[in-house]
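Asks: First the structure, which I've put down as structure tokens, then a few questions once you've had a look.
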Amino acid sequence: MGKGMTTLALMVFLLGCERRAQYLRDRETVDAQVVAICVRTDPPGATVKVDRLERAWTTPCDIADYSIGRGKHDVSLSLDGYEPAQTRVSYDGREPAWVQIKLVPKRIASPNPAWMQPAKPAPAPAKPAPEPPVVKVPPVKVESLPGGLKLKIVNNGMKLRIQAKTVVTDPEKPGEFFLPDVPPEKVVVEFLDPKTDAVLQSVEIGHTGLPAPVVKPPVAPADPVVAVEADRVGEVKLVSKTYGVFVKLDPGLSLQPGEEILIFRDGKEVARTKILKIAKADDNYPDGAAQVQKDASIKKGDEVRRSKP
């Protein structure tokens, strides 16, 4: 009996050893893992993640994992300096799925974006050309009568002084004056400042019987050099297609429309023209201005002289 039990125990032990050996032989004959996904990137070196597996691969790589079965799988790629990429592939269980991706470099943000740049100062507006002076009709109305002229002065709050050989007034008609023998006699009508009696405007009635435009009273030249250049009129200050040509007059001049003037540049005559209007003084033309006929040869800065007889 004891011998039989010993034999049975030995047979059980040997049977167990045989089963273990067969198990190990079966393990050795199992096929190796099959490549499921092949990933290539440009540039290489990207980190690859498949689905939610903890394991990661680095391109270029051939991914084989028992967890990757037939079906669709999400493949994510990341590389420093490049935009992350993600795609989905389908694995049929036999042929590996291929992923080939060209990674896109990240845009480098400007250290000083446009909204942080200091605002550029707006360009200074161009200085407009001086506007031509407004030519106003003198406040004097002239009417020819037998033996002379009748003047009617528009009351503008200024004192009045008439320089004439004879002045006839009518108390019942204030502001009206009869000037015998005019023309050929001349008359100068001056408008004075009520407080200082300074001459503000003057109107000269010449041989034609028509009033000349308003001008400032003559001023004697203080510098003898100015007196020598008696034929100079002024300087061209404005040449405009819209407004015309305006001459800034020198002080102490008395000009009339229709008078011929000469245009000089660098001491040489370049054009001849005539005066159209005389304008009163203002900030841009402290001694008055003359509008002259347009001429293509006239330029700003040209010297203007009288036409010598």
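Asks: Kindly evaluate Gly258 against the criterion of being under 30 Å from Gly148 (Cα atoms), at pLDDT 80 or above and part of a loop (DSSP other than H, G, I, E, B).
Replies: The answer is yes for Gly258.
Asks: To continue, here is another question. Output yes when any residue across segment 222-234 is at pLDDT 90 or above and surrounded by 14 or more Cβ atoms within 10 Å (Cβ to Cβ), and no when none is.
Replies: Yes, there is a match, as at least one residue in segment 222-234 is at pLDDT 90 or above and surrounded by 14 or more Cβ atoms within 10 Å (Cβ to Cβ).
Asks: Okay, moving on. State which residue is farthest from Cys38 (Cα to Cα) when the search covers only segment 48-96 and only residues that are surrounded by fewer than 16 Cβ atoms within 10 Å (Cβ to Cβ) and among the aliphatic types (A, V, I, L, M).
Replies: Leu53
Asks: State yes or no: is Ile275 under 12 Å from Glu303 (Cα atoms) and part of a strand (DSSP E or B)?
Replies: Values: under 12 Å from Glu303 (Cα atoms): no; part of a strand (DSSP E or B): yes.
The answer is no for Ile275.
The values are calculated or read from the model by the stated rules, or taken from the named source; none is laboratory data. Note that the structure is predicted; figures quoted are calculated from it, not measured. Because the Cβ atoms are built from the backbone with ideal geometry, glycine has one as well, and the counts that use them run over all protein chains shown.
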